[in-house]
Amino acid sequence: MPDRTVLWKLWGVSLLWGCNYVASAYMLRDFSPILLSFARLVVMSLFLISVAAVNKSLRRPTSREWGLLLFAGIFGTLINQLFYFTGLQHSTAGNAALIVALSPIATTLLSRMFLKEQVTWVKFLGAIVALIGVVCIVLYGGKSLGISKGDVYLLLAMLGMSVSLLFIRKLTNGMTSYEVTIYSTVIGTILMTPAVAFEAFQGSFHWSHHIMTWVLLISVAVIGQGLAGFWWNQGIAEVGASTSAMFMNIPPFIAIIVSFFLLGDPIRAAQIGGGVLILAGVAIANLKRRQPQVPTNAGVIKVS
């Protein structure tokens, strides 16, 4: 039997990651999107560096690993974060959570295209079901019928995350997911600096003047991303990828419910129907998995 403490932590991760989408949407009322992304990444990087300094557990990557880490940072942090927060500004927390939930399917298809990994008919069926769910959300889950600019940005953010996982899969052959997360997050934060400068140059740079909003930002970065990421790592290690993956079905619906009560976002039938299809597709694609999946927090815990 799995350790109950670990299972409770996985429940906590699901709750935190679901609420992170809502917290991000709330903070975008006071922050410009790129600044908000950069500020969270800075706090997250400082937290991870502090943990690494205390544990003294990081090793220096090889030259090949530095190259892979650079691409993981570009796609998993820079591209993902830029499109995520920009998209969230024009969409809802519920849609963001549901679209990001498509990432495992997208990673599977990209692995087939670029890494020549075998895709079984079960995985292909799961991909089709999940894609139908995304179409429902993108076309019918917004304020009006049609494709929302915000949802398109969120799809690009999800693709950025999925591409980064291709590099992370190669990195985890010689590095721990803990090391990959720290290095890729710090690299991505550095790469985000020019984007923040450009936002300031455009004159759209603004931040919150309320101390509690900054407290929320720090809490989300340290607890909702950093601590939750470590809990997720522990869950992967102790109960396995398949059991841990079940908890990834929970955050989208937490985001929809919490955003309804806190932000006043309506709960639309297309969100529920599309969300069920996406999660059903992910579940189908993960049937009879023979190999454990890469922990999705490696370079991903910063998304929500």
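The values are calculated or read from the model by the stated rules, or taken from the named source; none is laboratory data. Quick caveat: nothing in here was measured; it's all calculated off a predicted structure. A quick note on method: Cβ atoms are made from the backbone with ideal geometry, for glycine too, and the neighbour counts reach across all protein chains shown.
Summary of values
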quantity: Residue match in the stretch 146-156 (condition: of a type outside the set (Phe, Trp, Tyr), in contact with an Asp or Glu (Cβ under 9 Å, 6 or more places away or on another chain) and in contact (Cβ under 8 Å) with a residue 12 or more places away in the chain); calculated: no
quantity: Which numbered condition Glu179 misses (of (1) surrounded by 20 or more Cβ atoms within 10 Å (Cβ to Cβ); (2) over 29 Å from Gly226 (Cα atoms)); calculated: (2)
quantity: Subset of the stretch 6-57 [farther than 23 Å from Gly235 by Cα, touching a residue at least 40 places away in the same chain (Cβ under 8 Å) and part of a loop (DSSP other than H, G, I, E, B)]; calculated: Leu28, Asp30, Phe31, Ser32
quantity: Criterion (under 30 Å from Ala270 (Cα atoms), of a type outside the set (A, V, I, L, M) and modelled with pLDDT of 90 or more) met by exactly one of Gly188, Gly150; calculated: Gly150
quantity: Hits in the stretch 77-135 - residues which are among the small types (Gly, Ala, Ser), part of a helix (DSSP H, G or I) and out of contact with any Asp or Glu (no Cβ under 9 Å at 6 or more places or on another chain); calculated: Ala97, Ser103, Ala106, Gly126, Ala127, Ala130, Gly133
